[in-house]
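Inspection log for the structure reproduced underneath, given as structure tokens.
The values are calculated or read from the model by the stated rules, or taken from the named source; none is laboratory data. Just so you know, these numbers come straight off a predicted model, no measurement behind them. Every residue, glycine as well, gets a Cβ built from its backbone with ideal geometry; the counts of neighbours run over all protein chains shown.
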Amino acid sequence: MITICPDCKRPLIEFDAGSENYHCSNPNCSFQYLELMTGKQHRKAVQTEEIENNPPVSNLDKKPKRILVGLAIESTLLNMGHSIFDKVTAKLKYDYDATVFDCLDNPQYLKKILETNFDSDVRSVLIKSVKTLLGEFAYYDSISEFLDKINGRN
Ligand SMILES: [Zn+2]
């Protein structure tokens with residue numbers, strides 16, 4: 001009997017006489033072979049473009065800012081005194097299991113710590129210094145939002 005390739009319509013050729021496996025002789029066809037007994041059709045794995053699972057651009061964009069903001073906070077706290085630095089970083093760790101590098105995403109951590117442990121001057125000095133250190137970066141949306149949130153009353 002002659003079986004036709006379902007893809008390219010050429011006649012299929014039996015692998016070995018009696019094997020009941022019919023394969024397509026067309027090298028450009030993705031059809032590999034047909035198991036006549038079961039009707040199972042085998043095709044070459046279709047080459048698909050690897051879809052890279054890139055994170056969204058906004059996330060890529062945020063990582064260096066987390067670091068920038070973290071370093072600016074760290075540097076500011078150190079300038080304000082080792083006791084302030086130690087207290088804030090210890091509180092971040094203890095209360096939130098966080099570091100200064102988590103502050104861009106979680107401004108409330110830093111805000112709460114500053115509010116409960118220091119007077120408002122410390123907060124305004126910190127904001128001013130972070131702003132200065134970041135320079136033009138302070139005007140990136142995510143960073144200026146962070147500064148606003150730290151500064152906010154609620
Ligand atoms: Zn074929």
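Odds and ends about this structure:
- Matching residues in the stretch 107-154 - criterion: being hydroxyl-bearing (Ser, Thr, Tyr) and assigned to a helix (DSSP H, G or I): Tyr109, Thr116, Ser120, Ser124, Ser129, Thr132, Tyr139, Ser142, Ser144
- For the stretch 27-41, a residue qualifies if it is away from the ligand (no atom under 11 Å from the Cβ), of a type outside the set (Val, Ile, Thr), loosely packed, with under 13 Cβ neighbours inside 10 Å and on the phi < 0 side of the Ramachandran plot, and the qualifying residues are Met37, Lys40.
- Hey, Tyr109 surrounded by 15 or more Cβ atoms within 10 Å (Cβ to Cβ), of a type in the set (Phe, Trp, Tyr) and closer than 16 Å to Phe146 by Cα or not: yes
- When the stretch 1-26 is limited to residues that are among the aliphatic types (A, V, I, L, M) and surrounded by 13 or more Cβ atoms within 10 Å (Cβ to Cβ), the one that is farthest from the ligand (Cβ to nearest atom) turns out to be Ile13.
- First in the stretch 62-80 and assigned by TED's automatic domain parsing to the domain that holds Ala90 and touching a residue at least 60 places away in the same chain (Cβ under 8 Å), second anywhere and hydroxyl-bearing (Ser, Thr, Tyr) and surrounded by fewer than 19 Cβ atoms within 10 Å (Cβ to Cβ), Cβ under 6 Å, 6 or more apart: Lys65/Ser142
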